[in-house]
1. What is the packing order of peptides 221-228, 22-29, taking the mean over residues of other C-beta atoms within 10 Å and listing the highest first?
2. When a footprinting reagent is the concern and you count Cβ atoms within 10 Å, what order do VAL73, VAL202, VAL168 take, fewest first?
3. Defining a contact as two alpha carbons under 8 Å apart and six or more residues distant in sequence, what relative contact order in percent does the range 7-232 show?
4. Whole number please: convex hull volume per residue, Cα atoms of the chain, in Å³.
5. Tell me, GLU169, GLU141 in order of fewest to most beta-carbon neighbours within 10 Å?
6. Using a basic spin-label model with each label point 7 Å from the Cα along Cα→Cβ, how many nm lie between ALA115 and ARG247?
7. Where does each of 152-164, 181-193 land if you order them by average Cβ count within 10 Å, highest first?
8. Order the peptides 63-71, 110-118 from the highest to the lowest mean number of other Cβ atoms within 10 Å of their residues.
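Each value in this text was obtained by applying a stated rule to the coordinates, not by laboratory testing. Here the structure is a predicted model, which is why all the values come from computation and not from measurement. We place every Cβ from the backbone using ideal geometry, glycine too, and count neighbours over all the protein chains shown.
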Amino acid sequence: MEYQPSLDSIQKLSTFAAHLGLSLAPHQLEQFARYAALIQAWNKKFNLTAIVEEEAIFSLHFADSLTVAPLLVQERMRFSEPPTLMDIGTGAGLPGIPLKIALPEWHVWLVDSTAKKVQFCKTAIEALGLHDTHALHARAEELARRPEHREQYHVVVARAVAPLPTLVEYLLPLTRLGGVCIAMKGRQAQEEVEAAQRAIEVLGGVLEQLQPVALPERDDRRALVIIRKQRATPEAYPRLGGAPRNRPIGSR
Ligand code: SAM
């Protein structure tokens, strides 16, 4: 029999979403339930994510992903065209799929360098009936060298992908002028921001905010690093061949 999430998990997510200012309709909660069921089913075959317990899927993966939503709502007011979000290193679709479920108006691109994860995202997009949502099998650095993706997205987000000095070289070249990139970070956020200062500046960004976020019933410290794209990223970036990871900008 297919796994069904408990009503308690769904109710807690709904309450947390309301606390963030999001009102999730029954069909959206149903989408979260089906998404959790898919993650569990696929995890039996592939190692999609380390977190597989139902309670943790809802309270860590889904709730954590939704902490970005208020920012998207705020950004949405800055422009009139359809809003675009790219999620780099999305894995099983996090945070991109929860954000798309909560804010269906956004056009979403889910990007990962691992083929089986992209295959899962394609299955989830289809099963949940998510429109204007694309899953791309690519490395961020390669994508940013293609004109149809370079500096195109209002918001570029990433969760648990790389240390910030490396991550900004993945995200900022894809972010459009005036847009923002958001790095979802843990307790080391402040130190990471300090280490990434030079890279942020070189790539055309400016640190806008380090916003603390809290999850229900958890006391681990988290933060959103919000970087505004102010100037075009120089042509030389992002570098290919693993350079952002092996020799982050500003490292000695
Ligand atoms: N964001 C998801 C989450 O929070 O559960 C997945 C995190 S997982 C630890 C990191 C993912 O980033 C992996 O799926 C990996 O394949 C992908 N990744 C790492 N470097 C990447 C790059 N340069 N471009 C695209 N994907 C990348």
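1. Ranked from most to least packed, the peptides come out as 221-228, 22-29.
2. Working: VAL73 15, VAL202 18, VAL168 36.
With the fewest neighbours first, VAL73, VAL202, VAL168 line up as VAL73, VAL202, VAL168.
3. On the way: 409 pairs, mean separation 34.2, N = 226.
Rounded, it is 15 percent for the range 7-232.
4. Numbers: hull volume 30.7 nm³, N = 252.
Measuring per residue, one finds 122 Å³ for the Cα hull of the chain.
5. Placing the least packed residue first, the sequence is GLU141, GLU169.
6. If labels sit at ALA115 and ARG247, their model points lie 3.1 nm apart.
7. Peptide ranking by packing, descending: 152-164, 181-193.
8. Output ranking for 63-71, 110-118: 63-71, 110-118.
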